[in-house]
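First the structure, in the form of structure tokens, and then the observations on it.
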Amino acid sequence: TDCDDFTRSYYRAQGMEQAPREEKELDAFGSTLSQMQERGGLGVPKTHERLYREVQLGGGHVNVNMQQFMECDGKVCRFYAVIDDLSLPQHERRPFVILFFLADDTMEIREQYPLNCGRDPFPIFFRRKKMPRGPARIIGGPFQRDIPKEECVHVRDLAVGGTHELMGKNFYIYDADPFTREYLQTEFGEKLAECQDVRLPERAVARATTPPYNGYGSWDDSMGSVHALVPKPPRKDHVKLYVNDGKVLRFTAQYVSPKHEDADRMFVVNYDLADDTVSIHEPPQRNLGIVTGKFLEKGIHVNQMTGNLFQPHDLHPGAVIRVYNRDFEIIDMDEYTRKWFQEPNAKRNFDLEAVLEKLREGLRQQYPLVRDIFRKCDADHDGVLTMHEFRQALEKWGFQLSEEDSLVLMRHFDTSKDGQLSYNEFCDALLDEDYTTEMLKSRPMLDKNSDARYAQRAHGKVEERVETEKVRAAVRAMGDVVYRHTQAFMKLFKEFGKVTHRDTVTCTQIVQAFEQIGALLELDDVIRTVLFVLPGADPNNVKYKDFLKAMVASYHDFSAVR
């Protein structure tokens, strides 16, 4: 239909003239588009006067409800509700949150799933839109008109303590958040009721009864198969085992309604307090005609008279017990058992002379050399046994003596009475003399009386050993900084030169100097180190040149590990 000027001039130079321009043929769409481009819009222009006239005649407005949106954007009223779901075989109370958006009067309902409820994670019960009043019906569609505002649920229709039908479900609102309460009180003068308790009582879960004890293994072993498919070894009460180790209650018993040949038989019932085990044996009797010995293996057994495991209060004179369909009547108990029943937590008395002999014999039998015995008891390898180390040796051999009794035995070993045992004193107490100057010379008798001054010396030695370890650790830590780091020596000289112009410093300045080179030390450790490498020095007046030289010289005096 047309071409540009260059094309026309080119063809004119070639002797060919182009035809003049022809008009385009427009269809209905093209003509309408041309008119829109000419007028600047479709149909009648939307001027301010036109909008004013339409509102006057009752028409719509482009910014309808914009004022409500600007004032209430982000403001949401929140109600808490529940519904009782009776559609399931088991009654269930389902919690919900009802959200009312004040910006556009829309609603959303979300379900709050309890822990392990078994439901699929789809919390949106009703998606955000305007909700009509009345029964549930389909909302939206191409041929359905908009729901009038008067037919939709408003925030004033919801109240705490009432049941409301929303989308065909009866929701009981039991609470609202503080903003909702304040908004309704301020805007409409309506005060909501207090929070209602909608919790259901705890559901009683049926628990299977514990099967009876079958007699095989211990009670804890049998209960392990009840509690787990793969039973684990039962835990031991180590505190009970330690406290009650060696405590056995002994009773004499005989048959109830015995036969003629069993009338003279006597039994000893043993109850071990450490692990609650029971054993029965029959002591030998002359001309009894029956083979005596072990009658019941040591173990945890059931008293068939009570149906429970044996307890100490089941055993007393006059009581009748039944074990494996055998009835025994308790006749008497020994003296220790009688005292234990009178005062269970009483201090246990030991025959210290018997303990001393058993300790000597046991140490001799375990190790052939006394040197090995002493090294085994000397935990810190400092060449002496303190009170704690001596008590640990006694506990290892099963003698749970009190501190007072342990000090009595230790004083018998300690001939110098300085509060600790040296290797020579240990050998003298443990071994017999190779030759004696007297005939039938006996060992000195054990003095069972307590000595307060010796106990004070023994405690002092323990504190002294603790302080010695602290001094050893402090000297080793400072020595590692000064000796092992070659540049630290000169850096410390420079730091000391900065803090003072004298040749002496205080222990606090020593701590600060070490901090400047990256070593953090405690003030007490520095004082211990100064007094060790410079005996008699004043901690507030330390010659730092002599101190550093002494640190380097004494570094190898302490081994890293003893």
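The values are calculated or read from the model by the stated rules, or taken from the named source; none is laboratory data. Everything quoted here is computed from the prediction, not taken from an experiment. Here the Cβ positions follow ideal geometry from the backbone for every residue, glycine too, while neighbour counts run over all protein chains shown. Just the protein is used for accessible areas: all its heavy atoms, side chains included, with ligands, DNA and RNA removed. Shrake-Rupley method; radii C 1.70, N 1.55, O 1.52, S 1.80 Å.
Assorted remarks:
Table: residues versus (1) part of a helix (DSSP H, G or I); (2) surrounded by fewer than 18 Cβ atoms within 10 Å (Cβ to Cβ).
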position	(1), (2)
449	no, yes
467	yes, yes
471	yes, yes
502	no, yes
508	yes, yes
513	yes, no
520	no, yes
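- Any chance residue 525 is among the acidic types (Asp, Glu) and modelled with pLDDT under 85: no
- For beta carbons closer than 6 Å, sequence separation of 6+ or different chains, a first residue in region 228-242 that is more than 30 Å from residue 345 (Cα to Cα) and a second that is open to solvent by less than 60 Å² (accessible area, probe 1.4 Å), the qualifying pairs are 231/224.
- Among the residues making up region 191-224, those that are surrounded by 13 or more Cβ atoms within 10 Å (Cβ to Cβ) and within 20 Å of residue 275 (Cβ to Cβ) are 213, 217, 218, 219, 220, 221, 222, 223, 224.
- Figure legend. Inter-residue proximity from region 165-192: first residues in contact (Cβ under 8 Å) with a residue 24 or more places away in the chain, second residues assigned to a loop (DSSP other than H, G, I, E, B) and of a type in the set (Asp, Glu), beta-carbon distance below 6 Å, spacing 6+ or different chains. Indicated pairs: 184/190.
- Residue check for residue 526: within 40 Å of the chain's Cα centre (by Cα), hydrophobic (A, V, I, L, M, F, W, C) and closer than 14 Å to residue 547 by Cα: yes
- Unmet criterion (only one of (1) surrounded by fewer than 16 Cβ atoms within 10 Å (Cβ to Cβ); (2) at pLDDT 90 or above) for residue 242: (2)
- Scanning region 523-546 for residues that are more than 19 Å from residue 483 (Cα to Cα) and outside any strand (DSSP E or B) yields 523, 524, 535, 536, 537, 539, 540.
- Test for residue 421: is it at pLDDT 80 or above, of a type outside the set (S, T, N, Q) and surrounded by 19 or more Cβ atoms within 10 Å (Cβ to Cβ): yes
- Residue check, residue 42 under 30 Å from residue 104 (Cβ atoms), modelled with pLDDT under 75 and over 60 Å from the mean Cα position of the chain (by Cα): yes
- Selection over region 254-268 of residues that are within 17 Å of residue 323 (Cα to Cα) and open to solvent by 50 Å² or more (accessible area, probe 1.4 Å) gives a count of 5.
- Scanning region 227-268 for residues that are of a type in the set (Lys, Arg) and part of a strand (DSSP E or B) turns up just one, 250.
- Entry remark, region 194-215: residues being in contact (Cβ under 8 Å) with a residue 24 or more places away in the chain and closer than 25 Å to residue 92 by Cβ number 4 in total.
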